[in-house]
Amino acid sequence: MLKILVTLGDPRGVGPEVVAKAIPAFRKELPDVELLLLGANGFDSGHVPFAGVGAWEGSEASAGRVAVAAIRRAVETLLEGSADALVTAPIHKPALRAAGVNAPGHTELLRDLAGSAAVGMLMAAEATARGAPLRVLLATTHMALREVPAAVTAELLTEQGRLLDGALRRDWGLADPRIGFCALNPHASDGGLFGDEEARVYRPALDALAREGVRALGPYPADTVFLRALKGELDAVVAPYHDVGMAAFKSVAFGVGVNVTLGLPFVRTSPDHGTAFDLAGRGVADERSMLEALRLAARLAIRRRARLSLL
């Protein structure tokens, strides 16, 4: 039986609510998938197995400690081979800092806990407002915009393109995925008029990926590359920084998108929204993205298990 661990995130946010609201529909669709929820002591999980990881006494620091404790317990369980996938509800970065954790988010924290050399942050929506799927890998994640140009190196683009190609082949079952690279500069620099990164950084990376058998295309300007994907010309896009990718993604997939961490030794997904403190406790939080995260985690884990059985 497939087993998915679900961490409830920051207890002050909408995580516990969207998990509780998404589970009935998920269990109706996939009744044979076992779920285990992990979060602050005292959560009413109904008939779903639950493990408390610590008390939340109301402060930001304790909220961060409980959220991290659930993630640590989940990663330990997954690395032991006692579960197949992880779905995480939103955490609050200042709460992590207050709890003494310096990781800027789930992606980096999971990388360190799992001992992964390289990870990727993929936003995936198998259906969008335009109908077609959109998958966007953020080459750089949580950093100030002024730091991005130095961070976008040929080595990073090669690494992220390789991660994405492997995931699309292994987990999505695409035999020859087409990966478009979103340029850093306007108009992909127009032959050097607006910067040289497209020639100096992107070209060597795309050439290196091509030698490895990766269909790395572009670089395409940011104002056209996502449209190419939505028209079916590309299977995924590598965006150079967080907001250029997220702005396009959430414009067509907000509420149904899923965050997938590539490069981990287990499947990990998450909804595409944050803690939404302003909605917490009102019973109005939208659970659709959490439901999609559960569905995608199950699909990817089933595909991985089937692949392993053939090896």
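Nothing in this text is a laboratory measurement; each read-out follows from the coordinates by a stated rule. Quick caveat: nothing in here was measured; it's all calculated off a predicted structure. A quick note on method: Cβ atoms are made from the backbone with ideal geometry, for glycine too, and the neighbour counts reach across all protein chains shown.
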(message) Using a 7 Å offset from the Cα along the Cα-to-Cβ direction at both A51 and A175, what is the distance between the two label points in nm, to one decimal?
(response) 4.2 nm
(message) Cross-link candidates for K28: which lysines have Cα within less than 16 Å, leaving aside residues fewer than 8 places away along the same chain?
(response) K3
(request) Provide the percentage of antiparallel DSSP beta bridges, counting only those with both residues in the chain; round to the nearest 5. (result) 35 percent
(message) Here are labelled values, [x] 0.97; [y] 1.10; [z] 1.05, and one is the computed Rg/Rh (Cα atoms, Kirkwood Rh) for what I pasted. Which one?
(response) [x]
(message) Under 25 Å between alpha carbons, and skipping anything fewer than 8 positions from K250 in its own chain: which lysines qualify?
(response) K21, K93, K231
(request) Would you mind calculating the gained length between R307 and A210 on full extension (0.36 nm times residue separation, minus the Cα-Cα distance), in nm to one decimal? (result) 32.4 nm
(message) So if each residue of separation counts as 0.36 nm, and I subtract the Cα-Cα distance between A132 and L193, what length gain in nm does that give?
(response) 18.6 nm
(request) With r as the distance between the Cβ atoms of K250 and D32 and R0 = 41 Å, compute the FRET efficiency 1/(1 + (r/R0)^6) and round to 0.05. (result) 0.80
(request) State, to one decimal in nm, how far the label point of E80 lies from the label point of R97, with both points 7 Å from Cα in the Cβ direction. (result) 3.4 nm
